[in-house]
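Colleague: Right, I'll just put the structure down here and ask away after.
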Amino acid sequence: MKLVVAGPFGVGKTTLIRTLSEIATLHTEEAMTETGRPVDDLAGLPEKATTTVAVDFGRLTLPGNVVLYMFGTPGQRRFFPLWHDIARGALGALVLADTRRLADSFEIMDMVEEQGLPYAVAVNCFPDAPVHPVEVLRTHLDLHPTTPLLLCDARERGASLDALIALAEHVLDGLPATADPAGPSADPATADPSAASAVSAAEERP
């Protein structure tokens, strides 16, 4: 299952993929420069020294041979042309948000919706970020009642895994009953007939 990890600049996409991936992650990070300061708003991000300029990639295998491929997208507007290429073939998106600048997530969610992807929203809880109840955040983000919304810390595996599981379950719930998220090349002798159960079982994974 190909999933996109999207969100505005500096929201923690690279960190979340590093936290969850079972393989050495692929990153296309470059150092922040003085030249980029006029276009990369570092407000609230005083320690940010690098930025993704193409894609992040990681993989996570869940019980039942459900394999999640995580593709992280750049957050800056000037890299948005890459977004459609990266999202091609994805079954869903995890949109990361930051309560210090929630409005920055609206454009990303619009892009996800225009692509027709089901998505979940994970609010990455930075230490100095304002804390709000989930229902207040849901109202402010104007989310559909069925869109999963969770709080997480991208540095912490458990909460990050919960967010990815919520997205995977949301995607599976929307698939036709005959659809196989593993794709046509999956071995029917080893494929789990209940992918949703396999995803849920991941909560027990160490």
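No lab work stands behind these numbers, since they all come straight from the coordinates. Given the structure is predicted, the values throughout are model-derived calculations rather than measurements. Note that we place each Cβ from the backbone using ideal geometry, even for glycine, and neighbour counts take in every protein chain shown.
Colleague: Tell me, what is the FRET efficiency for His140 and Tyr69 to the nearest 0.05, using R0 = 30 angstrom and their Cβ-Cβ distance as r?
Modeller: After rounding, the FRET efficiency stands at 0.45.
Colleague: Suppose each label sits 7 Å from its Cα in the direction of the beta carbon; what would the Glu107-Glu156 distance come out to in nanometres?
Modeller: Rounded to a tenth, the inter-label distance reads 3.1 nm.
Colleague: Another question, if that's okay. Hey, can you rank 136-142, 156-162 by average C-beta count inside 10 Å, highest first?
Modeller: Ranked by mean Cβ neighbours within 10 Å, highest first: 156-162, 136-142.
Colleague: Next up: So if each residue of separation counts as 0.36 nm, and I subtract the Cα-Cα distance between His132 and Thr61, what length gain in nm does that give?
Modeller: Additional length available on full extension: 22.3 nm.
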